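Derivation of every value follows stated rules applied to the coordinates shown; laboratory data play no part. It should be emphasised that the depicted structure is a prediction, and the values quoted were computed from it without experimental measurement. Positions of Cβ are backbone-derived with ideal geometry, glycine not excepted, and every protein chain shown enters the neighbour counts.
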Amino acid sequence: MSAVEAELAGALRYRPVAPDELETCAHVWRRAIDDYIGRLAQPPLPEEVGALVRLYTHLQATDPDRFVAAVRPAPDGPGGEEIVGFGAAVVRETLWYLSMLFVLPGLQGAGIGRALLDRIGPRDGDGVTARGTATDSAQPISNALYASLGIVPRIPLLNLVGTPSSRDAFGELPSGVQAVPFEELAAGQPGGDGHRRLAEAVDDLDRELLGVAHPIDHRFLRVEGRRGWLYIGPDGHVLGYGYTGQVGRVGPVAVRDGALLAPVLGHLLGALQPRGANAIWLPGAADRAIVPALAAGLRLEAFPLLLCWDQPFADWSRYVPISPGLL
């Protein structure tokens, strides 16, 4: 144990994060990222953290015992505590996914991250068969920590942003394929049958392509204002789904045929007029969508992230995640 670790060991304790501390966690996230991207001559992150706090609220609501803070006595008064790091993970059926793990600059490398992982990791009885996360490619210490636990970086996750100058690069939906809004499907049958059939179709796609269903996250997306479309073939067979919203976020997207991914993205990018630029997180395996997206005028933003796992669980050529923090 290093001198720093020994000094911290007596002062630190680990506990669940309180709901009124989520914004504090968001600022720990911001300070940690600004510290290393600043050393790479990158601009600081925006100060607005409202969307991140809403994500944290969702993570805490679904997995409260997996949202844990490392705290030490506050320097400005007796009895208070300062959050110096936090971790948040979720379990969706057989998948454990690390959504967040951040420690304040100056305290990194002292074992806090590993201690947080020990507290939020899979437990006996969880039924977990795969562990995954997304980490920054510019963070070799984090990448080494996860890899040492078997959660090895595998493929890049690219953030493409902008307003497409031409959606023709994505191609058209194949003849006979209909894009039907979720709300139209849900309301189309009496007695709640529409809602049930829509939920079953989405869950089936998620289990086929992501390896697990996560209906609780789809409910969060709808609360956040993202709108979904189901893509239905001429024979009535469900071919995929996709989400977009007026803030410009596109995803998740799931398609049974990888050739359909680009046309679906093209449809989603034109389905709503966003208030700003569009943003999509595209896995490196989804090259049939990345190439058209760049040709359409979207640009690659910042350094790629890295999708990591210990056991394969998803088909990243046909599935586009919600975000790095929530698949």
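For T94 and E48, what does the FRET efficiency come to when R0 = 41 Å and r is the distance between their Cβ atoms, rounded to the nearest 0.05?
Working: r = 35 Å, r/R0 = 0.86.
In this case the efficiency is close to 0.70.
From the phi of every residue in region 103-113, what ³J(HN,Hα) in whole Hz does the Karplus formula 6.51 cos²θ - 1.76 cosθ + 1.60 yield, where θ is phi - 60° and glycine or proline is x?
10, 4, x, x, 10, 6, x, 9, x, 5, x
Which residues' amide hydrogens lie under 5 Å from the amide hydrogen of L158, considering only partners 5 or more residues apart or on another chain, with H built in the peptide plane?
Long-range HN contacts for L158: L282, G284.
Over 20 Å, how big is the tail of the calculated P(r) for region 178-327, in percent of all Cα pairs?
On the way: 5144 of 11175 pairs.
Pairs farther apart than 20 Å: 46 percent.
Which distance in nm do the two modelled labels at R31 and Q178 give, with both placed 7 Å along the Cα-to-Cβ direction?
Going from the R31 label point to the Q178 one covers 5.5 nm.
Of the residues G233, G132, G113, which exhibits the maximal mean-square fluctuation in a Gaussian network model of the chain defined by a 10 Å Cα contact cut-off?
G233
Using the Karplus curve 6.51 cos²θ - 1.76 cosθ + 1.60 with θ = phi - 60°, work out ³J(HN,Hα) for each residue of region 143-153 in order, rounded to whole Hz, and write x for Gly and Pro.
My calculation for region 143-153 gives 4, 5, 4, 5, 5, 5, 9, x, 8, 8, x Hz in order.
At D168 and R219, where each label point lies 7 Å from the Cα along Cα→Cβ, what is the point-to-point distance in nanometres?
Going by the 7 Å Cα→Cβ label model, 4.5 nm.
Of A18, A254, A279, which is the most mobile in a GNM of the chain whose springs link Cα atoms less than 10 angstrom apart?
Maximum among the listed residues: A18.
Alpha carbon centre of region 203-217 versus region 130-196: separation in Å?
Each part reduced to its Cα centre gives a spacing of 12 Å.
Pairing the Cα long axis of helix 50-62 with the longest principal axis of the chain, what angle in degrees results, from 0 to 90 and rounded to the nearest 10?
90
Could you give the length gained by full extension between V291 and D193, i.e. 0.36 nm per residue of separation minus their alpha carbon distance, to one decimal place?
On the way: separation 98, 0.36 × 98 = 35.28 nm, distance 3.91 nm.
Using 0.36 nm per residue and subtracting the Cα-Cα distance, I get 31.4 nm.
Using only alpha carbon pairs under 8 Å that are at least six residues apart, calculate the relative contact order of the chain and give it in whole percent.
Values: 613 pairs, mean separation 63.6, N = 327.
The normalised contact order for the chain reaches 19 percent.
Give me the number: length gained by fully extending L40 to Q246, i.e. 0.36 nm times residue separation minus the C-alpha to C-alpha distance, one decimal in nm. Numbers along the way, then the final one.
Values: separation 206, 0.36 × 206 = 74.16 nm, distance 3.18 nm.
Between L40 and Q246, full extension yields 71.0 nm more.
Which order do H267, H195, H237, H214 fall in if you start with the one that has the fewest other Cβ atoms within 10 Å? List each step's numbers first, then the result.
Numbers: H267 19, H195 15, H237 10, H214 23.
Exposure proxy ranking, most exposed first: H237, H195, H267, H214.
Using each residue's phi in region 281-295, evaluate 6.51 cos²θ - 1.76 cosθ + 1.60 at θ = phi - 60° and report the 3J(HN,Hα) Karplus result to the nearest Hz, with x for Gly and Pro.
For region 281-295, the Karplus curve yields 9, 10, x, x, 6, 8, 5, 6, 9, 5, 4, x, 5, 5, 5 Hz.
Mind checking Rg over Rh on region 3-128, alpha carbons, Kirkwood formula for Rh? Please report the intermediate quantities before stating the final value.
On the way: Rg = 15.0 Å, Rh = 15.4 Å.
Radius of gyration over Kirkwood radius for region 3-128 works out to 0.98.
In percent, what relative contact order does region 3-128 have, based on Cα pairs under 8 Å that are 6 or more apart in sequence?
Computed over region 3-128, the figure is 26 percent.
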